[in-house]
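K.L.:
Would you mind keeping the following structure in view while I ask a few things?
Every number in this text was worked out from the coordinates using simple rules, so none of it is lab data. Everything numeric here is computed off the predicted structure, so don't read it as measured data. Neighbour counts run over all protein chains shown; Cβ positions are idealised from the backbone, glycine included.
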Amino acid sequence: MSERETTIHELIPPHRVLPKEEGEKILAEFKISQARIPKIHLKDAALVGKGAKAGQIVEVKRLDGSLNYRLIVDE
């Protein structure tokens, strides 16, 4: 499966890498630190081709419309 195919597969919800300012706003809004957010690995198929870097926050939009946030890690 090519990189493009993995990022548009119907079972992978849309992932959006947030700009630093927006990530900080999310942390402040929920009154949490990066250490408290669920993690996603930098090499996860959903992040392929998105220019993601460790330390950034990803917004995941589920099929029901809910938004979840993950911290990108490279461990």
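K.L.:
I'd like the distance between the alpha-carbon centres of the stretch 57-75 and the stretch 28-55, rounded to an integer number of Å.
P.N.:
Result: 7 Å between the Cα centres.
K.L.:
Compute the signed sum of charges (Lys and Arg +1, Asp and Glu -1) over the other residues within less than 13 Å, Cβ to Cβ, of I72.
P.N.:
Neighbour charge sum, excluding I72 itself: +3.
K.L.:
Would you tally the net charge around L27, using a Cβ to Cβ cut-off of less than 13 Å, leaving L27 out, and scoring K and R as +1, D and E as -1?
P.N.:
Overall, the nearby charge balance is 0.
K.L.:
While we're looking at this one, here's another question. Quick one: length gained pulling V17 to A35 fully straight, 0.36 nm per residue minus the C-alpha distance?
P.N.:
Full-extension gain reported as 4.7 nm.
K.L.:
Ordered by residue, what ³J(HN,Hα) values in Hz, to whole numbers, does the stretch 66-72 give under the Karplus form 6.51 cos²θ - 1.76 cosθ + 1.60, where θ = phi - 60° and Gly and Pro are x?
P.N.:
5, 10, 10, 10, 9, 8, 7
K.L.:
Let me ask something else. Between helix 20-30 and the chain, what is the angle of the helix's C-alpha long axis to the longest principal axis, kept within 0 to 90° and rounded to the nearest 10?
P.N.:
60
K.L.:
Something else: Note the direction-averaged projected area, equal to a quarter of the hull surface, for the Cα convex hull of the chain, in nm².
P.N.:
5.2
K.L.:
Have a look at the DSSP beta bridges in the chain and tell me what percent are antiparallel, nearest 5.
P.N.:
That works out to approximately 75 percent antiparallel.
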